[in-house]
Amino acid sequence: MEKDSGTAAAVAVIMLLAVIMLAAGVWAAVVLPAEAEEAREAEIAQAKTALEDTVFLLDALSNVSFAAETTVFTALPAGTIQTETLGILKTGNGYTVPLTSLTCSGFGGTELGISAGGVWRKDGGDAAWNLFPKTSYETGHLAFSLPVFTRNVAYGSSEMIPLGFQYLSTGRCEETGEYLFLTVASSESWVLDLWETVFAEAVFSAEGRLHAEISRNSESVQAVFTADAGMLTVSVEEKRYAVFAGGKS
């Protein structure tokens, strides 16, 4: 009888240990990864907000009379930042603007960046705009305003990353005609994806007054714009900034 009781107690202990181990396995397999993903998305959201604030800061800086004498400072969350060129934008009359990006990484497989006055997010091979580049359309006039980062910067930190921006100058190209071409060339298909949506969004936001025939191949995406107003003017503004990271200028 005592032997049976001892055996039953041993079986109960083994079963309890099995339940504990199963619960621990479920926690490790389900709960911990979910918590880690939640923390990663929180870091990405923080970086997204910081990048969007930086876009508005740069736009405000370039619009003040003493901008060329001023450096403004901000900070981005811990990780790695670098400036890079993603491609070029070319107008029909041959004017070109480098499509530079201030790119942030360190969030698993996710990257975020400022390019063309917008904020993009890339997960693996897929990218989308979190904040669309600045475009505007008034009767017969389509305008693009693109920040260009002129210094090569690469910086990483486990703490907040201080950044400085100095406005340098603005270049501008304007072209008028019935059919106007804009072409983006890039070796990265996700960059072409982003610009295909920029061209489509410019048409959508014009509420039927602007039209575009968009075509694409493996190396470029092109939009041929026309307007209900007849003649169309396309202007491309290139705002140049020097970037300083880590408190260095």
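The values are calculated or read from the model by the stated rules, or taken from the named source; none is laboratory data. Everything numeric here is computed off the predicted structure, so don't read it as measured data. All Cβ positions, glycine included, derive from the backbone under ideal geometry; neighbour counts span all protein chains shown.
Among the residues of the stretch 135-146 satisfying the criterion of being of a type outside the set (A, V, I, L, M) and not in a loop (DSSP other than H, G, I, E, B), which is surrounded by the fewest Cβ atoms within 10 Å (Cβ to Cβ)? Spell out how you get there, then give the answer.
First, the residues of the stretch 135-146 that are of a type outside the set (A, V, I, L, M): 135-141, 144-145.
Cutting the leftovers down to not in a loop (DSSP other than H, G, I, E, B) gives us 135-138, 141, 144-145.
On the way: T135: 20, S136: 13, Y137: 19, E138: 11, H141: 17, F144: 22, S145: 19.
By that ranking, first place goes to E138.
Among S215, S186, S220, which is in contact with a Gly (Cβ under 6 Å, 6 or more places away or on another chain) and either modelled with pLDDT of 95 or more or not small (G, A, S) (or both)?
S186
Please enumerate the residues belonging to the stretch 84-116 that are more than 19 Å from Q222 (Cα to Cα) and not hydrophobic (A, V, I, L, M, F, W, C).
So in the stretch 84-116, the residues more than 19 Å from Q222 (Cα to Cα) come out as 84, 101-114.
Correct list: E84, S101, T103, S105, G106, G108, G109, T110, E111, G113.
Considering only strands (runs of 3 or more DSSP E) fully contained in the stretch 71-134, which possess at least 1 residues that are at pLDDT 95 or above and crowded, with 16+ Cβ neighbours inside 10 Å? Step through it out loud before you land on a result.
Details: elements: 71-76, 79-91, 96-107, 110-115, 118-123, 126-131.
Once the strands (runs of 3 or more DSSP E) in the stretch 71-134 are filtered for at least 1 residues that are at pLDDT 95 or above and crowded, with 16+ Cβ neighbours inside 10 Å, what remains is 79-91, 96-107, 110-115, 118-123, 126-131.
Evaluate the following for K239: is it charged (D, E, K, R), surrounded by 14 or more Cβ atoms within 10 Å (Cβ to Cβ) and at pLDDT below 95?
Details: charged (D, E, K, R): yes; surrounded by 14 or more Cβ atoms within 10 Å (Cβ to Cβ): yes; at pLDDT below 95: yes.
It is true that K239 is charged (D, E, K, R), surrounded by 14 or more Cβ atoms within 10 Å (Cβ to Cβ) and at pLDDT below 95.
Could you look through the stretch 153-183, keep only residues that are in a loop (DSSP other than H, G, I, E, B) and among the hydrophobic types (A, V, I, L, M, F, W, C), and pick out the one that is nearest to A50 (Cα to Cα)?
Per the stated criteria, the residue is M160.
D228: out of contact with any helix residue (DSSP H, G or I) (no Cβ under 6 Å at 6 or more places or on another chain), touching a residue at least 24 places away in the same chain (Cβ under 8 Å) and either farther than 23 Å from V55 by Cα or of a type in the set (D, E, K, R) (or both), yes or no? So that I can check it myself, show each step before the final result.
On the way: out of contact with any helix residue (DSSP H, G or I) (no Cβ under 6 Å at 6 or more places or on another chain): yes; touching a residue at least 24 places away in the same chain (Cβ under 8 Å): no; either farther than 23 Å from V55 by Cα or of a type in the set (D, E, K, R) (or both): yes.
So D228 does not fit the description; no.
Six or more apart or on different chains, Cβ atoms under 6 Å: show the pairs whose first residue is in the stretch 158-169 and of a type in the set (S, T, Y) and whose second is crowded, with 22+ Cβ neighbours inside 10 Å and in a strand (DSSP E or B).
From residues that are of a type in the set (S, T, Y), the pairs are Y167/Y241.
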